[in-house]
1. Take residue B:131 and decide whether it is assigned to a helix (DSSP H, G or I), on the phi < 0 side of the Ramachandran plot and open to solvent by less than 60 Å² (accessible area, probe 1.4 Å).
2. Give just the number: which of (1) open to solvent by 70 Å² or more (accessible area, probe 1.4 Å); (2) not assigned by TED's automatic domain parsing to the domain that holds residue B:112 does residue B:37 not satisfy?
3. For region A:124-143, name all the residues that are more than 21 Å from residue A:80 (Cβ to Cβ) and within 14 Å of chain B (Cβ to nearest Cβ).
4. Is there a residue being among the small types (Gly, Ala, Ser) and at the interface with chain B (Cβ under 9 Å from one of its Cβ atoms) anywhere in region A:102-109?
5. For the list (1) in contact with a Lys or Arg (Cβ under 8 Å, 6 or more places away or on another chain); (2) surrounded by fewer than 17 Cβ atoms within 10 Å (Cβ to Cβ); (3) in contact (Cβ under 8 Å) with a residue 12 or more places away in the chain, I need the number of the one condition that residue A:63 fails.
6. Which condition breaks for residue B:152 when tested against (1) closer than 30 Å to residue A:162 by Cα; (2) open to solvent by less than 10 Å² (accessible area, probe 1.4 Å); (3) assigned to a helix (DSSP H, G or I)?
7. With respect to the numbered conditions (1) at pLDDT below 95; (2) not assigned by TED's automatic domain parsing to the domain that holds residue B:162, which one is the sole condition not fulfilled by residue B:24?
8. How many of the residues making up region B:114-128 are hydrophobic (A, V, I, L, M, F, W, C), within 22 Å of residue B:154 (Cα to Cα) and open to solvent by 30 Å² or more (accessible area, probe 1.4 Å)?
Amino acid sequence: MGQSMAARQINAFYSRTQILHDVSLAMNANAVTAIIGPTGCGKSTFLRCLNRMHETVAGARMTGRVVLGSTDLYAMDAVEVRRTVGMVFDRPNPFPTLSIFDNVAAGLRLNGIRQKDLLIERVQAVLSMTALWDEVKDRLEKPAIHLQSGQQQRLCLARALALEPAVVLLDEPASTLDPSSTLQLEELIEQLKDRYTVVLVTHNLQQAARVADTTAFFLDGHLIETGRTIDIFTNPSDTRTEDYITGRRS
Amino acid sequence: MKYKGLRLRKWKDRAFFVLLMLATALALFPLLQILVEATIRGVPGFKVSFFTQLPAPVGIVGGMGNAIVGSLLIVGLASAIATPIGVCTGIYLSEYAPVRYARVLRFLTDIWFGVPTILVGLLVYGTVVLSMKGFSAWAGAISLAFIMVPTLIRTTERMLALIPAIVREGALALGASPTQTVFLFVLPAATRGLITGVVLAVARALGETAPLLFTAFGNNFWQSGLSSPIAALPLQIFLYATSPYPVWQAQAWTGALTLLSIVVVLHAFAHFLTRGEGLS
Ligand SMILES: Nc1ncnc2c1ncn2[C@@H]1O[C@H](COP(=O)(O)OP(=O)(O)OP(=O)(O)O)[C@@H](O)[C@H]1O
Ligand SMILES: [Mg+2]
């Protein structure tokens, strides 16, 4: 089951440049929250604050809190946080030297799971969940980089799901995919919310409209507006949101 | 509309192209000459005895067997010393060092890389040779290791930099610790590149002569231990090439061709390892 997540007053910096300004956002359990906004407005930075990836960049720092259920993620061990909050990146990044199987099992092995049957069971389960099992079951030992990019991205999703996270962060997961792979991925995202809390960064407004329950609009590191997706797209309360959605330049 | 000066621009373009080609030809010519010369002069001496016999006075059939073994021994020893140091420093530089340290370290490595090899020999002479009270295989190996380390640091860092950042991010996002990320995900992806780096460093060390002059010194007999002076191919070549005897001079060419062949094979191997990856 997913757990609700809340970001409270996040300020994020790269060296001395402030990227996010006092962003607070609630992300509901078992729902898809979409984050939209122009390039460079801080969407990825925000997402990376949620699983403490932000602090892995040299010179990056942040203030504020992220709460999952009732746990303060910034009071936890960062490594532990990343096992609870999974992430898929904008470009498929399977581990280049590992097979399909080993890619999916990587996170499990990092967690000390060694029993072969348990690994096989979990790998099969998440590959089925990401609609990959039938496509790859005969070549699990082949290098993952030989898959098509759509398959690679679903593999990366499976890899994240294998750890049974509570939250799945998706940073423009379809940005390098062709339309049919994109559609397939969107269907998967719809299904994900049965089990997880999903946060989706996207440039594609139609995509947000199709899959998200809640949408948040970012501009220049500020959260401008958040609400039910249908409201944001049909009746935004801020003119800057309206300008962005209708494609008007401010 | 007529473009003014178009003809002139085209002409300049062509002239520049010819100039570049000329410079390239000028650069390649000496290399070609070395290859041809070494082959023509060296091949006649390729006999079994050359590889199995000790150096002998003029008139007696001799070879460079001990020098070949000596070179392999010194370079092997040097690699065993330099590889862990160079590769680990390269890993630290690429994966761990804070930006400011990295910049300083990189600068130092560049200086180290530029230290004249004769100076390296002097340094090792002043420390190792004097304190061990004699020339030795150890001294030779240490001076070669000193020359290999900066090469290894540079190539290791470069090879690791070629592993995309998204591989590291992927591992970190799965809950790998920074050290797990480096050792379980980044290094395995860079293995072939790292081996290439070691091979290239070995190739460079094999041809070094200056630092061996007053460390390994040379030896006319088979090696009996690491603490005595040791023969090396470049030293033997130097000795024979500068001798007044045509027989020795011919052997120097054969020795040079042997050395050249080993280096070419090593480079070909390195190239083969990283083919299609844009690594070397
Ligand atoms: N590692 C970094 N170091 C310094 N500045 C960075 C770094 N990463 C991002 N930035 C800057 O932070 C700002 C926000 O970047 P971020 O990647 O969060 O934007 P984004 O909304 O995800 O953009 P996009 O839609 O292009 O992915 C940008 O101005 C960017 O240049
Ligand atoms: Mg982004």
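1. No.
2. Failed condition: (1).
3. Within region A:124-143, A:143 is the sole residue that qualifies.
4. yes
5. It is condition (1) that residue A:63 fails.
6. (1)
7. (1)
8. 3
The values are calculated or read from the model by the stated rules, or taken from the named source; none is laboratory data. Just so we're clear, the structure is a prediction, and the values are computed from it rather than from any experiment. Cβ: placed from backbone, ideal geometry, glycine included. Neighbour counts: every protein chain shown. Calculation scope for accessible area: heavy atoms of the full protein, side chains included, ligands and nucleic acids excluded. Shrake-Rupley method; radii C 1.70, N 1.55, O 1.52, S 1.80 Å.
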